[in-house]
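First the structure, in the form of structure tokens, and then the observations on it.
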Amino acid sequence: MLHVAVLFEFPTLYGGEQSMLAVLRLLRTNANMRFTAIAPPAGRLNDRLQSLGIPAVPFTVRSRSGTRREPSALVSELQSIVSALRPDVLHANSLSMSRMIGRARSQLGAACCTGHIRDIMKLSKQAVRDLNRLDCIAAVSKATKRFHEAQGLHSDRTLVIYNGVDTQLFRRRSRTEARNALLPQLPASARVLLNVGQFCLRKGQLELAHAVVQLLKSEEDIHLVLVGERHSEKEETVAYERSIVDEFSTKGLLGHLHRPGFCQNVDQWMNAADLLVHTARQEPLGRVLLEAAAAQLPIVATDVGGTSEILQHQQTGLLVRGGSVDALLNGLIAALNDPWRCESLAAAAADRIRREFAAQQAAVSMTTFWRTVQPVGPAQ
């Protein structure tokens, strides 16, 4: 029996955690595999692990004050955990944790050490060296793999494994029923734009706020729903969130902005909306795009990172230039003015998700990844 220990960095349920949980949910009953989570002991992630029946060993990267613990203390604690668990594979679910176990590769007793890269970001030479010490790496998109290979990541140990989505949970349902349940105060003629993600600069919600306010000068029935919350306490991120709200409030348009916060029922919000608007400035592989496409919700998205590996412009969605309010506004106008065309694109996107991005396919790919990886020793 193959024993995989999955190391989680955050207690949250954002894209990285959701993507791994989608795989674990399907594989947890496999008689030839077993899983242990190494994860923060409290929070939404821990609750979900418990509901899935996956045992979890407490491991917290940050102290109670919120500061990151010393690397030596983290490695020492992880070494003790791995020594007790004795997994066949230790898999890090984030880039930061992948770096950590790569750096400590020689100190860990796991037969194989693997990691996930779910970010496109500039890395130091030391960070790349740490990652290259892993036995194998899963990159969530071709764009992610190419970006990090250009920084020196070893291509022969890096495989592209797409995230998968639960196509039974995310599927088309009655828009009227979902709208009445979630937004009963809106008239039937209202057109709802949905954005899902944590509030931060790289998600581009401020560009969306600017574009929607521009739309409202001529279209009075537009409503924007922002599903998500601010995770960072950095001053610039707090100010960024405030500026999004101010864009509506200073113009007397707060009634057109809806903020339900973090939601467990994202699938229902996708059923209630007319259009998903994904405004990320950078995106390795947007999980929300997979979910919206599976739900057959028309999509306008910025053409960044791995987005074009999910959607093709004018075939399965509308792609616009990232970081441009004007480009986004034009994309929204095109989508809202031709809803029948958007419905056709959404149907094509849903077909593609079922064929290529279903959770079952991701589970098969990760199973093969973990079963075939061999320890090769630290790379230089």
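The values are calculated or read from the model by the stated rules, or taken from the named source; none is laboratory data. Because the structure is a prediction, the values reported are computed rather than measured. As a convention, Cβ positions derive from the backbone with ideal geometry for all residues, glycine included, and neighbour counts pool all protein chains shown.
Listing for the model above:
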item	result
Residues that are in a loop (DSSP other than H, G, I, E, B) and out of contact with any strand residue (DSSP E or B) (no Cβ under 9 Å at 6 or more places or on another chain), drawn from the range 184-219	P184, Q185, P187, A188, S189, Q198, C200, K217, S218
Filtered residue count, the range 60-96, keeping only those that are surrounded by 12 or more Cβ atoms within 10 Å (Cβ to Cβ) and either in contact with a Pro (Cβ under 7 Å, 6 or more places away or on another chain) or among the β-branched types (V, I, T) (or both)	6
Residue count for the range 159-186, restricted to those that are free of Cβ contacts under 8 Å to residues at least 24 places away in the same chain and either surrounded by 15 or more Cβ atoms within 10 Å (Cβ to Cβ) or touching a Leu at 6+ places or on another chain (Cβ under 6 Å) (or both)	1
Only one of A358, A335 that is closer than 18 Å to V277 by Cα and surrounded by 15 or more Cβ atoms within 10 Å (Cβ to Cβ)	A335
Counted residues, the range 39-53 - those being over 16 Å from V23 (Cβ atoms) and either in contact with a strand residue (DSSP E or B) (Cβ under 7 Å, 6 or more places away or on another chain) or buried (at least 18 other Cβ atoms within 10 Å of the Cβ) (or both)	3
Extreme residue, farthest from the chain's Cα centre (by Cα), among residues of the range 309-333 that are in contact (Cβ under 8 Å) with a residue 40 or more places away in the chain and not in a loop (DSSP other than H, G, I, E, B)	I333
Filter result for R48 (assigned by TED's automatic domain parsing to the domain that holds K145, among the charged types (D, E, K, R) and in a strand (DSSP E or B))	no
Search result, residues across the range 334-367 that are closer than 13 Å to V300 by Cβ and either in a helix (DSSP H, G or I) or in contact with a Lys or Arg (Cβ under 7 Å, 6 or more places away or on another chain) (or both)	A334, A335, L336, N337, P339, R341, C342, L345, A346, A349
Any chance A143 is part of a helix (DSSP H, G or I), of a type in the set (G, A, S), farther than 25 Å from A22 by Cα and under 24 Å from the mean Cα position of the chain (by Cα)	no
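Here's the yes/no breakdown for (1) over 29 Å from A150 (Cα atoms); (2) among the hydrophobic types (A, V, I, L, M, F, W, C):
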| residue | (1), (2) |
| --- | --- |
| S83 | yes, no |
| R86 | yes, no |
| L95 | no, yes |
| T114 | no, no |
| D130 | no, no |
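Matching residues to (1) small (G, A, S); (2) touching an Asp or Glu at 6+ places or on another chain (Cβ under 8 Å); (3) assigned by TED's automatic domain parsing to the domain that holds Q282; (4) under 30 Å from R355 (Cβ atoms):
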| residue | (1), (2), (3), (4) |
| --- | --- |
| M100 | no, yes, no, no |
| A110 | yes, yes, no, no |
| S124 | yes, no, no, no |
| C136 | no, no, no, yes |
